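Worksheet for the structure shown next.
The values are calculated or read from the model by the stated rules, or taken from the named source; none is laboratory data. Everything numeric here is computed off the predicted structure, so don't read it as measured data. Every residue, glycine among them, receives a Cβ derived from its backbone with ideal geometry; neighbour counts consider all protein chains shown.
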Amino acid sequence: MMRALAAPAANRIRAIYWTLAALVLLLPAIAMNVTADVAWGPGDFALMGGLLGMVGIGIEMALRARLDARARLLAIAAMISLFLLVWAELAVGLFD
């Protein structure tokens with residue numbers, strides 16, 4: 001059966017995601033005040049904000065798609081996995 005996620009559940013998931021995205025973006029800003037080991041510039045914040053925004057839009061699209069629950073979860077898991085791979089590559093050059 002294919003149907004869209006109910007509005008209250010989608011709104012709750014949306015609020016949780018965007019709150020977590022904002023907190024993830026705040027962590028380096030806080031860490032820069034605590035230690036000299038974290039040195040993000042404006043470009044780093046812009047790139048991370050863009051990545052988080054793209055993942056958020058992808059999750060929104062998956063939640064709004066008329067897919068069954070398993071396909072929706074697989075799509076979201078794939079987006080999060082791809083985000084983590086890109087993040088790891090940008091952070092430490094995992095694939096060099």
Evaluation of Arg66 against (1) surrounded by 11 or more Cβ atoms within 10 Å (Cβ to Cβ); (2) free of Cβ contacts under 8 Å to residues at least 60 places away in the same chain (one fails), failing number: (2)
Of residues in the range 34-63 being of a type in the set (Asp, Glu) and surrounded by 13 or more Cβ atoms within 10 Å (Cβ to Cβ), the one farthest from Ala88 (Cα to Cα): Glu60
Matching residues, the range 62-80, being out of contact with any helix residue (DSSP H, G or I) (no Cβ under 6 Å at 6 or more places or on another chain), modelled with pLDDT under 90 and in a helix (DSSP H, G or I): Arg64, Ala69
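Does Ala31 satisfy the criteria of being surrounded by 10 or more Cβ atoms within 10 Å (Cβ to Cβ), touching a helix residue (DSSP H, G or I) at 6+ places or on another chain (Cβ under 9 Å), under 24 Å from Leu84 (Cα atoms) and at pLDDT 85 or above?
In short, no.
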Condition met for Met48 (assigned to a helix (DSSP H, G or I), in contact with a Leu (Cβ under 7 Å, 6 or more places away or on another chain), at pLDDT 90 or above and closer than 23 Å to Leu85 by Cβ): yes
Cross-chain or 6+ apart pairs with Cβ under 7 Å, the range 14-43 first and touching a residue at least 12 places away in the same chain (Cβ under 8 Å), then surrounded by 10 or more Cβ atoms within 10 Å (Cβ to Cβ) and β-branched (Val, Ile, Thr): Tyr17/Ile59; Pro28/Val38
